[in-house]
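As structure tokens, the structure follows; a few thoughts come after it.
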Amino acid sequence: MEISSKYNPATIEEKWYQHWLNKNYFHSEPDEREPYTIVIPPPNVTGVLHMGHMLNNTIQDILIRRARMQGKNACWVPGTDHASIATEAKVVAKLASEGIQKNDLTREDFLKHAWDWTHKHGGIILEQLKKLGASCDWQRTCFTMDEARSKSVIKVFCDLYEKEKIYRGIRMVNWDPKALTAVSDEEVIHKEVNGKLYYIKYKLAEENGFAVIATTRPETIFGDVAVCINPNDPKTATFKGKKVIVPFTNRIVPIIEDDYVDVEFGTGFLKVTPAHDINDYMLGEKYKLEVLDIFNDNGTLNAHGLQYEGMDRFVVREQIEKDLATAGLLEKVEPYTNKVGFSERTDVPIEPKLSMQWFLKMKDLAQPAIDAVMNDIIKFHPNKFKNTYRHWMENIKDWNISRQLWWGHQIPAYYLPKGGFVVAETKEEAFEKAIKTVDYPITMDDLHQDEDCLDTWFSSWLWPISVFDGINNPDNKDINYYYPTNDLITAPEIIFFWVARMIMAGYEYRNEHCFQNVYFTGIVRDKFGRKMSKSLGNSPDPIALIKQYGADGVRMGMLLTSPAGNDLPFDEALCEQGRNFSNKIWNALRLVKIWNVDRSVTQQETSKKAIEWFEARFDQALITMNDHFEKYRLSDALMTVYKLVWDDFCSWYLEMIKAPMGQAIDGTTYDATIRFFENLMKILHPFMPFITEEIWHLIAERDQNDDIIIASIPEPKNSDETVLSKFDFTKEVINGIRKVRADKNIPFRDSIELFVLDKSNSIDDAFDGVIAKLCNVSNIQYVEKTPENTFGFIIGATEYFVPITENVDIEAEIEKLKEELKYTQGFLISVDKKLSNERFVNSAPADVVDKERKKKADAEARITVIEQQIKSLKN
């Protein structure tokens with residue numbers, strides 16, 4: 001078969017991915033094999049592939065392909081998330097561009113638009129993952145709002161409500177004025193903001209004078225219902241028991257006392273606005289203060305804002321500063337930096353707001369999930385995230401699970417005509433409950449379902465169970481076979497949103513862990529350390545990268561510098577390195593396939609030794625690679641294979657065994673080389689699936705079911721350490737000779753002699769043939785004294801010498817040797833100084849002291865050789 005001179009990823013990738021699909025290799029059904037299961041972290045249904053997805057899914061595919069080749073029943077379940085806030089925002093924006101306002105639509109009409117949007121834009125990201133080579137079981141694709149998952153969510157809500165773990169009440173929540181919904185604490189990002197500190201004068205109600213109060217939010221004064229001082233603060237002691245007038249409102253409010261007030265902040269006075277600050281709310285609860293909500297849901301002021309009604313909160317902030325100054329009620333304004341909570345989804349400042357919401361009690365759910373991680377039933381990689389997890393879980397708050405959105409799972413609570421509600425999975429079941437609850441006649445139409453929907457994460461936390469329909473059918477064959485899953489690959493920033501909650505759901509609904517290992521990826525950053533984002537313009541298009549470098553090249557580029565839990569400093573040059581590696585392998589294939597094989601030719605001793613060495617080296621690398629996989633050091637595993645292919649196979653082994661120009665290679669060596677090539681492609685396949693499948697079919701004849709994707713990955717044998725040690729020594733000798741050639745301008749075409757002075761009589765000449773072949777050495781002689789007119793170098797205790805050629809400048813060489821002698825003598829003095837220090841010798845670890853002693857011995861031996869060389873050259 002003719003092999004193309006260049007590797008063309010585009011045609012090859014499309015060909016093999018379709019081949020794998022046609023063969024149904026990605027699909028899994030329960031059988032007698034050991035299962036290996038991964039559930040994909042479901043991306044937003046209308047999302048597109050970004051670099052974080054690339055990294056995450058590359059790692060998942062590596063693990064799933066390796067498990068498949070280990071003979072396990074590998075199942076990677078794909079799917080998408082309905083992403084309530086993000087998707088609804090896109091649909092609202094799309095409708096607005098058409099002149100349609102959400103409020104002008106019924107819920108049913110809006111949901112029709114939302115489903116149309118989802119069907120049009122949804123699933124793009126899954127198709128993009130196919131370009132990456134993701135070997136997901138596409139027949140199992142799930143969506144968090146498909147029928148089975150929706151039914152699971154509603155069933156769990158009803159179950160938790162019946163267990164009295166879900167309740168409804170008015171609480172202070174994080175309100176997103178842009179998305180018009182409450183969000184959880186975990187969806188709030190705190191950022192440092194350069195703002196102002198306003199010192200506002202509150203007139204005393206019954207006498208002359210003012211209380212000056214410092215605040216970062218002057219627009220909230222309309223919600224002030226008290227002023228608080230610390231009873232132990234001498235600065236404010238004279239104001240105890242007095243009252244003040246809130247500016248512009250003429251509302252008289254009391255000065256109360258509580259040691260919550262920080263005497264170091266501002267003036268010692270705290271304005272109390274229970275409706276718009278969580279701490280003020282707690283003070284209000286404690287002292288039974290009135291609650292005045294001054295904001296509309298969209299962040300504008302309501303009627304309590306008087307002349308500012310209808311104005312945005314930040315517009316009011318600017319205007320009220322001017323108005324307070326005009327009224328003589330603004331003492332001063334200072335620059336002030338403080339942390340402000342922003343909505344993760346819409347990036348607008350959160351507004352603390354009292355709101356009727358649904359909550360899930362978390363404390364009891366959290367304990368088994370804490371135990372599972374802290375006792376390593378579920379292992380975190382890296383384990384540094386265990387303490388972060390424990391701290392959050394031990395201080396967990398009840399989860400606000402309701403959202404004021406239409407796109408999502410509508411809360412299955414049905415309100416009764418005369419107050420109260422019932423919770424049921426369907427309206428029909430709700431009606432059956434209702435007629436048993438009320439003492440007046442009602443119809444099904446009298447029931448009104450709660451308008452809110454559930455937090456998106458309330459469906460995602462069930463994902464490892466719900467994808468196997470384990471909520472609706474808890475004893476089905478899939479859930480019993482594939483669950484618990486094996487590995488979860490995710491980002492540490494959703495450890496609380498998702499990971500912790502999945503663990504809790506696993507113990508609540510299966511009474512066991514939901515996965516065995518969690519591998520936390522880092523954040524993909526640019527080469528300057530900045531997080532990749534559209535706004536910075538530093539995030540490349542993953543599909544464009546695949547087109548330019550090939551999927552294998554990009555996969556390798558993503559993994560080369562991606563240690564678990566640490567950020568990935570991505571540079572496009574890494575993808576280029578990946579592509580170069582593909583080309584290196586391709587050229588190695590072309591070299592091997594053009595060889596003329598003559599099975600009547602006797603195998604050379606150098607080839608025999610090369611095979612013996614590479615077998616040992618392959619097993620050594622395989623043991624190392626497997627160890628890296630067990631420790632979830634995937635970058636190190638890839639680098640182990642990379643060096644084995646590039647350095648050991650291409651740069652050493654192939655050079656050692658290739659026949660001289662115009663001559664044939666023997667059959668034994670050729671067969672061993674093909675076997676090595678096949679095994680290398682097997683262990684490389686999880687990382688670079690496309691080129692390995694192509695080479696697998698080009699390197700040997702295959703039947704229709706012999707594909708590398710289902711081939712058995714090699715199992716390591718005990719590597720021959722003696723052979724490895726001998727060859728490591730041989731490589732040093734070869735590199736020494738090559739250095740002499742380079743330094744002395746001796747062309748490779750000119751053969752040389754090599755003299756070996758082995759004073760310890762410890763050298764094994766087994767690899768002399770390899771040295772001769774790779775260095776063009778015509779003759780290797782073992783001598784008992786230093787030969788005249790030679791250049792030398794030392795490897796261990798053995799000295800090697802190469803005769804001086806005619807084109808060498810003797811005087812220049814003597815000067816070079818003198819410089820080297822001077823440097824080596826200085827080095828020896830520094831080592832001697834360290835070894836003469838008794839404190840160092842007695843306190844340093846033994847291996848460190850031994851290394852210093854070896855440095856001394858090597859330096860002394862090198863000095864002897866240099867002095868002999870200088871003497872030889874002078875003669």
Practice task
Convert each backbone phi in segment 723-737 into a coupling constant with the Karplus relation 6.51 cos²θ - 1.76 cosθ + 1.60 (shift: θ = phi - 60°), then list the ³J(HN,Hα) values in order as whole Hz, x for Gly and Pro.
Solution key: 4, 4, 5, 4, 6, 4, 5, 4, 4, 5, 5, 4, 5, x, 5
Problem - For the chain: relative contact order, % (alpha-carbon pairs under 8 angstrom, 6 or more apart) - result: 12 percent
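Taking 0.36 nm per intervening residue step and subtracting the Cα-Cα distance, what contour gain separates E815 from E715 on full extension? Before the final figure, lay out each step's value.
Values: separation 100, 0.36 × 100 = 36.00 nm, distance 5.42 nm.
That pair, E815 and E715, stretches by 30.6 nm at full extension.
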Practice task
Could you rank the peptides 406-416, 736-746 by their average count of other C-beta atoms within 10 Å per residue, with the highest value first?
Solution key: 406-416, 736-746
Practice task
Take the alpha carbon atoms of segment 226-278, find their center, do the same for segment 343-389, and report the distance between the two centers in whole angstrom.
Solution key: 35 Å
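Tell me the relative contact order for segment 670-733 as a rounded percent, counting alpha carbon contacts under 8 Å between residues six or more apart. Spell out each step's value before the answer.
Numbers: 30 pairs, mean separation 19.6, N = 64.
That works out to 31 percent.
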Exercise for the section: Rounded to the nearest 10 degrees, what's the angle between the helix 147-162 long axis and the longest principal axis of the chain, both from Cα atoms, 0 to 90? Expected result: 60 degrees
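Per residue, how large is the accessible surface of segment 120-225? Use a 1.4 angstrom probe and give square angstrom. Please report the intermediate quantities before stating the final value.
Numbers: 4390 Å² over 106 residues.
Per-residue value: 41 Å².
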Handout entry: Cα shape, segment 1-158, gyration tensor, a/c 1.5 rule
Key = oblate
Handout entry: segment 107-254: proportion of alpha-carbon pairs further apart than 29 angstrom, %
Key = 55 percent
Fill in the blank from the handout: Shape call for segment 580-634, from the Cα gyration tensor axes a ≥ b ≥ c (a/c under 1.5 means rounded, otherwise prolate when a/b beats b/c, else oblate), comes out oblate
Fill in the blank from the handout: Descending packing, highest mean Cβ count within 10 Å first, for 678-691, 275-288 is 678-691, 275-288
Exercise for the section: Collect residues whose amide H, placed 1.01 Å from N in the peptide plane, falls under 5 Å from the amide H of N73; neighbours closer than 5 in sequence don't count. Expected result: E34, Y36
Completion exercise
In this structure, the FRET efficiency calculated for K631 and N596 from their beta-carbon separation, with R0 = 51 Å, to the nearest 0.05, is 0.70
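What fraction of the Cα pairs in segment 301-396, stated in percent, has a spacing above 20 angstrom?
Values: 3027 of 4560 pairs.
Considering segment 301-396, 66 percent of its Cα-Cα pairs are separated by more than 20 Å.
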Practice task
Given the peptides 29-35, 768-774, arrange them by the average over their residues of other C-beta atoms within 10 Å, most packed first.
Solution key: 768-774, 29-35
Handout entry: Vicinal HN-Hα couplings computed from phi for segment 27-41 (Karplus, 6.51 cos²θ - 1.76 cosθ + 1.60; Hz; Gly/Pro x)
Key = 7, 10, 10, x, 8, 7, 6, 5, x, 10, 10, 10, 10, 5, x
Exercise for the section: Enter the per residue convex hull volume of segment 723-875, computed from alpha-carbon coordinates, in Å³ rounded to the nearest integer. Expected result: 120 Å³
Practice task
Can you pull the one-decimal nm distance between simple spin-label points at N302 and E605, each 7 Å off the Cα toward Cβ?
Solution key: 9.7 nm
Exercise for the section: Compute the semi-axes of the equivalent ellipsoid of segment 59-120, taking the square root of 5 times each eigenvalue of the Cα gyration tensor, and list them largest first in whole Å. Expected result: 41, 11, 8
Handout entry: Karplus-derived 3J(HN,Hα), 6.51/-1.76/1.60, for each residue of segment 63-71, Hz, glycine and proline x
Key = 5, 6, 5, 5, 4, 4, 6, 7, x
Problem - Computed E for Q825/T722 - FRET, C-beta separation, R0 51 angstrom, nearest 0.05 - result: 0.90
Practice task
State, to one decimal in nm, how far the label point of D743 lies from the label point of V212, with both points 7 Å from Cα in the Cβ direction.
Solution key: 7.9 nm
Problem - Exposure ranking of M444, M661, M69 by accessible area [1.4 Å probe, largest first] - result: M661, M444, M69
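Using a 1.4 angstrom probe on the protein heavy atoms only, could you order S600, S460 from most to least accessible area?
Numbers: S600 95, S460 0 Å².
Per-residue accessible area, sorted high to low, gives S600, S460.
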Completion exercise
Each label sits 7 Å from Cα toward the beta-carbon; between T326 and D567 the label points are separated, in nm, by 4.7 nm
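State in Å² the accessible area per residue of segment 411-514; use a 1.4 Å probe, count heavy atoms of protein chains only, and round to the nearest integer.
Values: 3880 Å² over 104 residues.
That works out to 37 Å² per residue.
What Kirkwood Rh does the chain have if only Cα atoms enter the pairwise 1/r average? Answer in Å.
Details: mean 1/r = 0.0299 Å⁻¹.
In the chain this quantity evaluates to 33.4 Å.
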Problem - Average accessible area per residue (Å²) across segment 287-336 - probe 1.4 Å, nucleic acids and ligands excluded - result: 57 Å²
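For segment 436-480, give the magnitude of the charge dipole about the Cα centre (Cβ charges: +1 Lys/Arg, -1 Asp/Glu; no others), in debye to the nearest 20. Mind showing how you got there, number by number?
Numbers: 2 positive and 10 negative charges, 64 e Å.
Its charge dipole is roughly 300 debye.
By the gyration tensor of its Cα atoms, with a ≥ b ≥ c the square roots of the eigenvalues, what is the shape of segment 199-270: rounded for a/c under 1.5, prolate for a/b over b/c, or oblate?
oblate
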Fill in the blank from the handout: Scoring segment 291-444 by relative contact order with C-alpha pairs under 8 Å, at least six apart, yields a percentage of 12 percent
Practice task
May I ask for the distance between the Cα centers of segment 670-684 and segment 64-87, given as a whole number of Å?
Solution key: 30 Å
Problem - Amide H contacts of F342 (H built 1.01 Å from N, under 5 Å, at least 5 apart or other chain) - result: I189, H190, K191, I350
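Per DSSP H run of n ≥ 4, the term is -39500 (n - 2.57); total these for the chain, divide by its residue number, and report the mean residue ellipticity at 222 nm rounded to 500 deg cm²/dmol.
Working: 28 runs with 369 residues, N = 875.
Calculated from helices alone, the mean residue ellipticity at 222 nm is -13500 deg cm²/dmol.
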Practice task
Can you send over the carbon and sulfur percentage of the accessible area for segment 383-525, probe radius 1.4 Å, protein chains only?
Solution key: 47 percent
Exercise for the section: Quick one: which residues, 5+ away or cross-chain, put their amide H under 5 Å from the amide H of T181? H built at 1.01 Å from N. Expected result: D176
Exercise for the section: For the chain, find the longest principal axis of its Cα atoms and tell me its angle to the long axis of helix 846-874, 0 to 90°, nearest 10. Expected result: 40 degrees
Practice task
Would you kindly compute the Cα radius of gyration of segment 421-548 and its largest Cα-Cα separation (Dmax), both in Å?
Solution key: 22.1, 72
Completion exercise
At R0 = 45 Å the Cβ-Cβ FRET efficiency linking R853 and E394, nearest 0.05, sits at 0.30
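The values are calculated or read from the model by the stated rules, or taken from the named source; none is laboratory data. Please read these numbers as outputs of a predicted model, since none were measured by experiment. Reconstructed Cβ throughout: ideal geometry from the backbone, glycine too, with neighbour counts over all protein chains shown. Just so you know, the surface numbers come from the protein's heavy atoms only, side chains and all, with ligands and any DNA or RNA stripped out. Shrake-Rupley method; radii C 1.70, N 1.55, O 1.52, S 1.80 Å.
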